[in-house]
Amino acid sequence: MGEGNEKNILEKAIRRHGTGLAMQVSCVSIVINVVLSAFKVGAGILSHSGAMISDGIHSASDVFSTLIVMASRKSDREHPYGHERMECVAALLLSAVLFATGIAIGVSAVETIGSGPEKGGVIPGTLALGAAVISIVVKEWMFWYTRAAARKLKSGALMADAWHHRSDALSSVGALIGILGARMGMPVMDPLASFIICIFIVKAALDVFRDSMDKMVDKACDDETVRSIEQAVLDTRGVERVGSMKTRLFGSRIYVDLEIEADKSLMLEQAFGIAKEVHDTIEERFPQVKHCSVQVSPEGSTGLEGKEN
């Protein structure tokens, strides 16, 4: 009993740490994006740079995406299985924001190129250049910071948010190139750079969309993970063979359904002990596994069920 309580306490501590880390990253992201957006929009207005104003608005959209991530981490008593599926919904929404942003940048770039040289306007000031450099550094740091947390928590929504930071950094690179080009007498560089950036943003959006859809439709784990879980089961004393194993992604977590074979002469209590050891081994070795169901069958019997279907 004491060992079981200790395990439950440890699991709760891990969950609290994960939620706390996600909330910390989200709060840092919101504060930085609000300040950075206001700075870039202000710099764009003062320096007469449309590219920098657009880049500032792009950064402001990150605030919305981060709020989705924060909402997806909440849980309540009415949802005992958690809200992992909400992370998929959040990631889908983020991918839509990324896609819309990329398309908007691309359309604007094409319109500017097609309008001719009279669209050049006022030459941007040096403040816009400084704002672009600062934005690139800050947003790239935010990408690595958020991605590290996403990998640690295996959170699809946080990973999508990280790529949103990267897309903003790329947008700032395009703004920098465009501003430099305009100041050097080549205004067409601005829309050309914007069009190239839109391709990267749209690709990131499609990658995030594909990953979130895989998790929404209960896609199986990758082959390497499946092999690792199966080997951990076979290493457990008393397991003769793995009859069948099914895995599915549930948001950022994994569900495992196992049927193992054991010596048919074992007593019920012994078979139950083997199943419990397999269950505990999997959840200890693979923290991303949220639920593991283990069924024990007599050795040589698991292949019979498949013949009925």
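The values are calculated or read from the model by the stated rules, or taken from the named source; none is laboratory data. Just so it is clear, the structure is predicted and the values come from calculations on it, not from any experiment. For neighbour counting, all protein chains shown are included, and Cβ atoms are generated from backbone atoms with ideal geometry for every residue, glycine included. Ligands, DNA and RNA are excluded from the accessible area calculation, which covers all protein heavy atoms including side chains. Shrake-Rupley method; radii C 1.70, N 1.55, O 1.52, S 1.80 Å.
Apply the Kirkwood formula to region 143-300: the hydrodynamic radius equals the inverse of the mean of 1/r over all pairs of different alpha-carbon atoms; give it in Å with one decimal.
Kirkwood hydrodynamic radius for region 143-300: 18.9 Å.
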Please tell me the relative contact order of region 125-278 in percent, rounded to the nearest whole number, where contacts are Cα pairs under 8 Å and at least six residues apart.
16
How much solvent-accessible surface does I32 expose, in Å² to the nearest 10, with a 1.4 Å probe and all protein chains in place?
40
For region 145-192, calculate the relative contact order in percent as a whole number, restricting contacts to Cα pairs under 8 Å that are 6 or more residues apart.
23
Entries in K40/K139; K219/K290; K154/K290; K246/K290; K219/K276; K139/K203 that, when Cα-Cα distance is taken, lie over 20 Å:
K219/K276
Exposure of M267 as accessible area (Å², to 10), given a probe of 1.4 Å and all protein chains
130
Compute the distance from the alpha-carbon center of region 132-181 to that of region 272-302, in whole Å.
41
Would you grab the residues whose amide H sits under 5 Å from the one on S244? Only those 5+ places off in sequence or on another chain, please, with H modelled 1.01 Å from N.
E259
At 0.36 nm per residue, minus the direct Cα-Cα distance, what do A96 and S293 gain on full extension? Give it in nm, one decimal, please.
67.4 nm
Taking just the alpha carbons, could you work out the radius of gyration and Dmax for region 212-290, both in angstroms?
13.5, 46
So how do 260-266, 97-103, 274-280, 222-228 stack up, highest first, on mean other-Cβ count within 10 Å?
97-103, 274-280, 260-266, 222-228
When only C-alpha pairs under 8 Å and at least 6 residues apart count, what is the relative contact order of region 189-278, in percent?
24
Kindly list the residues of region 221-245 that lie in the label zone of Q270, defined by a backbone N under 18 Å from the point 7 Å along the Cα-to-C-beta vector.
236-241
Can you send over the solvent-accessible area of D235, 1.4 Å probe, protein chains only, in Å² to the nearest 10?
90
